[in-house]
Amino acid sequence: MSATDTVTEATAEAAPDATDQIPFSLELSQDQKDIRDWVHGFAENVVRPAASEWDEREETPWPVIQEAAKIGLYGFESLAQFFMDPTGLQMPIVNEELFWGDAGIGMSIMGTSLAVAAIFGQGTGEQVGEWIPQCFGSVDEPAVAAFCASEPDAGSDVSQIRTSAKYDEAADEWVINGQKAWATNGGIADVHVVIATVDRELGSRGHAAFIVPPGTKGCEQGAKVKKHGLRASHTADVHLDDCRVPGSCLLGGKEKLDERLARVREGKQSRSQAAMQTFEASRPTVGAQAVGIARAAYEYALDYAKEREQFGKKIIENQAIAFTLADMKMEIDAARLLVWRASWMGKQQDMVFENAEGSMSKLKAGEVAVWSTERAIQILGGNGYTREFPVERMHRDAKIYTIFEGTSEIQRLVISRAISGMKIA
Ligand SMILES: Cc1cc2nc3c(=O)[nH]c(=O)nc-3n(C[C@H](O)[C@H](O)[C@H](O)COP(=O)(O)OP(=O)(O)OC[C@H]3O[C@@H](n4cnc5c(N)ncnc54)[C@H](O)[C@@H]3O)c2cc1C
């Protein structure tokens, strides 16, 4: 018997019959490819051409959001469809394509999803049905939503949140007071989801999430932030002054909150920490946005390097340039694989993120985006440094991905604690 026969025989024995499931595949389904191509078309034909204008205007691109609503890309149905994909991959695929088009506009379209994720993750069925559609508004009058956790003295350290929520039993209302910082869509949103403390002594375990309905008195926009990048996305402080919301606006309901607080006071482990839950669930998706920016810059630089001539040859014919592009491609693919793994893990029942795989994906993707966009500028030379070419904007946009949704240092902290089981400070 030859070696070939042995292999053939072994393969025949191990061959799955037609009813067996394929255990592992990175091949996208036709549905996933169709949605990817549909979003890519929107990113290429609607988002890209508008990117520079809205970056310069530093305003929310309402007409583009409306175009996204018209084709069904901006709205609860599409978000739910992407989210329901059992492989977990649809959400990162959509985000990568949209942010490939432009990150500032991408964030104007996707920023609402942070508030939606909080309502979906922590709200009752009734709250989900009532508030999520209002986050998006209608095709004729699209709306956006804001998730307000950060404060001037509570960024990485959410346990320092000072915004308080006190229950007024007679009126069955919560009274919220405090100042939120850096809120995407803060003040221009119809629905604000606000993280407030109901018991400061409990730190982040004393937090709860509240809906602040459209037009609620006492909820006002503070200063709008002038930013380095992501300038088409609105970021602002939000002031809450004796802001009264109905008792029904506490996400998850009062009974559940009281039970949780009682468990914490008894010294038992709390199962949920309002803000952290939201961040943990959204990290790979945020990583996918960074992958989209990195890929856009890489593709632009590759095309440029194949055209631009110096010393009588294309600049890509120099190894210094070609190897940089090779590294960019490899790093971007590696980041995407980490994002896909974490997204897939998030959909597996009973699978635990033992090594903080969600944080790993966001950390890697954010750092790859900053590095790749900087390399793209280098490859374009002087042109790369000007606003006539998009890689400069992409580099400014990329930087936020090592800061928001947990800075790179905080991601490393989370990962190192997870792998060691020790209290790393
Ligand atoms: C454009 C933009 C949009 C945003 N959108 C939102 C939003 O929609 N909702 C919201 O709630 N927030 C939002 N944020 C806030 C964002 O999440 C915070 O900026 C982020 O969490 C970091 O907090 P900080 O800026 O206060 O930095 P700090 O926490 O003050 O950190 C400063 C530096 O110290 C480092 N550091 C802190 N603690 C440690 C530690 N223990 N070990 C090592 N290093 C440490 C950090 O990594 C960082 O490098 C947004 C911010 C920006 C800029």
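When ligands, DNA and RNA are left out and all protein chains stay put, how many square angstrom of accessible area per residue does the chain have with a 1.4 Å probe?
49
Taking 0.36 nm per intervening residue step and subtracting the Cα-Cα distance, what contour gain separates TYR385 from GLN348 on full extension?
8.9 nm
Run the simple label-point estimate for GLU255 and GLN319 please: 7 Å along Cα→C-beta, distance reported in nm.
7.1
In percent, what relative contact order does the chain have, based on Cα pairs under 8 Å that are 6 or more apart in sequence? Don't skip to the end; give the middle numbers.
Working: 766 pairs, mean separation 64.7, N = 425.
This gives 15 percent for the chain.
Could you give me the ³J(HN,Hα) list for the stretch 246-254, computed from phi with Karplus coefficients 6.51, -1.76, 1.60 and θ = phi - 60°, whole Hz, x at Gly and Pro?
Ordered by residue, 3J(HN,Hα) equals x, x, 6, 8, 6, 5, x, x, 6 Hz.
Over the stretch 217-346, what is the mean sequence separation of C-alpha contacts under 8 Å (at least six apart), divided by residue count, expressed as relative contact order in percent? Provide the component values of the computation, followed by the final result.
On the way: 79 pairs, mean separation 22.4, N = 130.
Relative contact order here is 17 percent.
Quick check for you: which residues of the stretch 334-376 have the amide N under 19 Å from the point 7 Å beyond the Cα of LYS423 toward its beta carbon?
none
Just read off the accessible area of ARG283 with the full protein assembly in place, 1.4 Å probe, to the nearest 10 Å².
10
Going by accessible area, probe 1.4 Å, with all protein chains left in place, what is the ranking of VAL139, VAL175, VAL194, largest first?
Correct descending sequence by accessible area is VAL139, VAL175, VAL194.
Calculated FRET efficiency, VAL139 and ASP333, Cβ-Cβ r, R0 51 Å, to nearest 0.05? Each step should come with its number before you reach the end.
Working: r = 37 Å, r/R0 = 0.72.
So, using R0 = 51 Å, E works out to roughly 0.90.
Of CYS219, CYS148, which has the most accessible area and how do the rest follow, probe 1.4 Å?
Descending order: CYS219, CYS148.
Taking the full set of protein chains and a 1.4 angstrom probe, give the accessible area of LYS329 in square angstrom, rounded to the nearest 10.
Ignoring ligands and nucleic acids, LYS329 comes out at about 90 Å².
For the charge dipole of the chain, defined by +1 on Lys and Arg C-beta atoms and -1 on Asp and Glu C-beta atoms about the Cα centroid, which residue among ALA334, GLN160, GLN90 has the Cα displaced farthest towards the positive pole?
About the Cα centre, the residue reaching furthest to the positive side is GLN160.
For the chain, what does -39500 (n - 2.57) per DSSP helix run (n ≥ 4), summed and divided by total residues, give at 222 nm, in deg cm²/dmol to the nearest 500?
Numbers: 15 runs with 215 residues, N = 425.
Computed ellipticity for the chain at 222 nm equals -16500 deg cm²/dmol.
Note down the relative contact order for the stretch 323-371 as a percent, whole number, built from C-alpha pairs under 8 angstrom at least six residues apart.
Details: 26 pairs, mean separation 23.0, N = 49.
Once divided by the residue count of the stretch 323-371, the mean separation gives 47 percent.
Under the rule a/c < 1.5 gives rounded, and otherwise a/b versus b/c splits prolate from oblate, where does the stretch 282-425 land using the Cα gyration tensor?
Prolate, since a/c reaches 1.5 and a/b exceeds b/c.
Heavy-atom accessible area of LYS224 with all protein chains present, probe 1.4 Å, nearest 10 Å²?
Approximately 90 Å² for this residue.
For ALA170 and TRP62, what is the calculated FRET efficiency with R₀ set at 45 Å and r taken between the beta-carbons, to the nearest 0.05?
0.65
Using each residue's phi in the stretch 347-360, evaluate 6.51 cos²θ - 1.76 cosθ + 1.60 at θ = phi - 60° and report the 3J(HN,Hα) Karplus result to the nearest Hz, with x for Gly and Pro.
9, 8, 5, 6, 8, 9, 7, 5, 10, 6, 4, x, 5, 4
Between LEU26 and ASP157, with labels modelled 7 Å along Cα→Cβ, what's the label distance in nm to one decimal, could you check?
Going by the 7 Å Cα→Cβ label model, 4.1 nm.
The values are calculated or read from the model by the stated rules, or taken from the named source; none is laboratory data. Model, not experiment: these values are computed from the prediction. Ideal geometry is used to build each Cβ from the backbone, glycine not excepted, and the neighbour counts take in all protein chains shown. Just the protein is used for accessible areas: all its heavy atoms, side chains included, with ligands, DNA and RNA removed. Shrake-Rupley method; radii C 1.70, N 1.55, O 1.52, S 1.80 Å.
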